[in-house]
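In what follows, a structure is listed as structure tokens, so that the remarks can point back to it.
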Amino acid sequence: MCTRYANYPAAMVEADAPARQSAAPRSPRPAAAGHCRGVAACRARRPSMLSPDLLRTITENGVVAHGSIPPGLPWWQAWSFDPTLLIPAALVGWFYFRGLRRWEGRTREHPWWRTALFYASLGTYLLAMESPIDRLGVHHFSMHMIQHELVMMYAVPMMLLGAPTTPLLRGIPGWLQQGVVRPLAGRTAFRLAYRGLTHPAVAIFCMTAVVWAWHLVPGWWEASLNDQVVHDVQHVSFTIVSMLFWWNVIDPKPLHSRIAHLPRVLYIFGGSLPKHILAAMVTFAPHPFYPTYEAARRVLPIDPATDQQLAGLIMWVPSEGITLLAMAVVFFMWLRISERRQKREDDRLRRAAV
């Protein structure tokens, strides 16, 4: 291995290989760079749709394969159009739309803002996973943290606010609904698992354990940077535990949280506190948490120490803001419900007195 890549992690060196290969000497061109001699020559040089040449060109320019950003490629061009994520996301979006079309008289039960939030959640999730944020996360801890915060604190809550249960059940194919969903939902084991996983204490424990383990267990975070499968497992685990946590904050109609509104405020505070403690540990750490970022090629003009502090602040400050906002909204919902309950009680007593 040449000295230029001696200090790079293995995954980064492998990811940079396409750029080095593309820089290899080529046969002389018949004209100046970027020009052709005649229409036929241009057509001969242009890759056809769905051809191996086109796929190779896309990969070398950094818009298919996940990994690091090759040297010389502007970071804003490092999109990852991964069909293994785009196709399922498109199907979910289509099933949701199809379910709404089949749901007559849904206006009152499912207002327009729920639909808007659901599709905003899909867009936010894809932004985190497919935009240059994903590949910048291999080089910069702060960008990796932005990716996780977009998923856990924005995409997941918006999806639950979009109340996806009824539209998706109405929109999926009949064979899937009759052959899989209904038999599964009717099983006692499934219901027990649902009640167990959505229990407030279990949700907080899972959220804390998963987030702390990925950040603090030696080798786990480094493995997510050097192995795409581990990276995907990390994203899936963060998505699942954040959904369990927010499930008890948001009533994803027609399902409901088991916590009353006033105790829900304490649940939000208690569940988010361990994550904020971890963020403070990262922010004020006197040493680097992950050596990979020390050796990584810097794409953005920020040194590793500042990058780590910025990552901790990104995990801390915006998350704290979302937490306080959620607590305020839930508290005012409790006030409104209490006022309505008191008004109904007053009306009942007034009618009884008459």
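The values are calculated or read from the model by the stated rules, or taken from the named source; none is laboratory data. Since the structure is predicted, the reported quantities are computational estimates derived from the model, not experimental observations. Cβ: placed from backbone, ideal geometry, glycine included. Neighbour counts: every protein chain shown.
Residues in the range 284-305 that are in contact with a His (Cβ under 7 Å, 6 or more places away or on another chain) and surrounded by fewer than 13 Cβ atoms within 10 Å (Cβ to Cβ): 2 in all.
Let's see how each residue does on (1) surrounded by fewer than 22 Cβ atoms within 10 Å (Cβ to Cβ); (2) in contact with a Ser or Thr (Cβ under 9 Å, 6 or more places away or on another chain):
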residue: E130; (1), (2): yes, yes
residue: G137; (1), (2): no, no
residue: M145; (1), (2): no, no
residue: Y154; (1), (2): yes, yes
residue: L161; (1), (2): yes, yes
residue: T165; (1), (2): yes, no
residue: W175; (1), (2): yes, no
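Take the residues in the range 88-106 that are farther than 18 Å from G123 by Cα and in contact with a Pro (Cβ under 7 Å, 6 or more places away or on another chain); name whichever of them is modelled with the lowest pLDDT. Per the criteria, the residue is W103. For the subset of the range 179-221 comprising residues that are under 18 Å from V249 (Cβ atoms) and aliphatic (A, V, I, L, M), which member is farthest from the chain's Cα centre (by Cα)? Here the answer is A201. Note down all Cβ pairs under 6 Å where the first residue falls in the range 139-160 and is within 30 Å of A295 (Cα to Cα), the second is hydroxyl-bearing (S, T, Y) and surrounded by 23 or more Cβ atoms within 10 Å (Cβ to Cβ), and they're at least six residues apart or on different chains. Within 6 Å, the pairs are F141/Y293; M152/S242.
Answer yes or no: is there a residue in the range 105-121 that is free of Cβ contacts under 8 Å to residues at least 60 places away in the same chain, within 13 Å of the chain's Cα centre (by Cα), within 30 Å of E320 (Cα to Cα) and crowded, with 19+ Cβ neighbours inside 10 Å. Yes - at least one qualifying residue is present in the range 105-121.
Hey, could you check the range 68-80 for residues that are assigned to a loop (DSSP other than H, G, I, E, B), more than 15 Å from the chain's Cα centre (by Cα) and in contact (Cβ under 8 Å) with a residue 24 or more places away in the chain and say which is surrounded by the most Cβ atoms within 10 Å (Cβ to Cβ)? The selected residue is S68. Per the conditions (1) out of contact with any Asp or Glu (no Cβ under 7 Å at 6 or more places or on another chain); (2) of a type in the set (A, V, I, L, M, F, W, C); (3) touching a residue at least 24 places away in the same chain (Cβ under 8 Å), the sole criterion not satisfied by L184 is (3).
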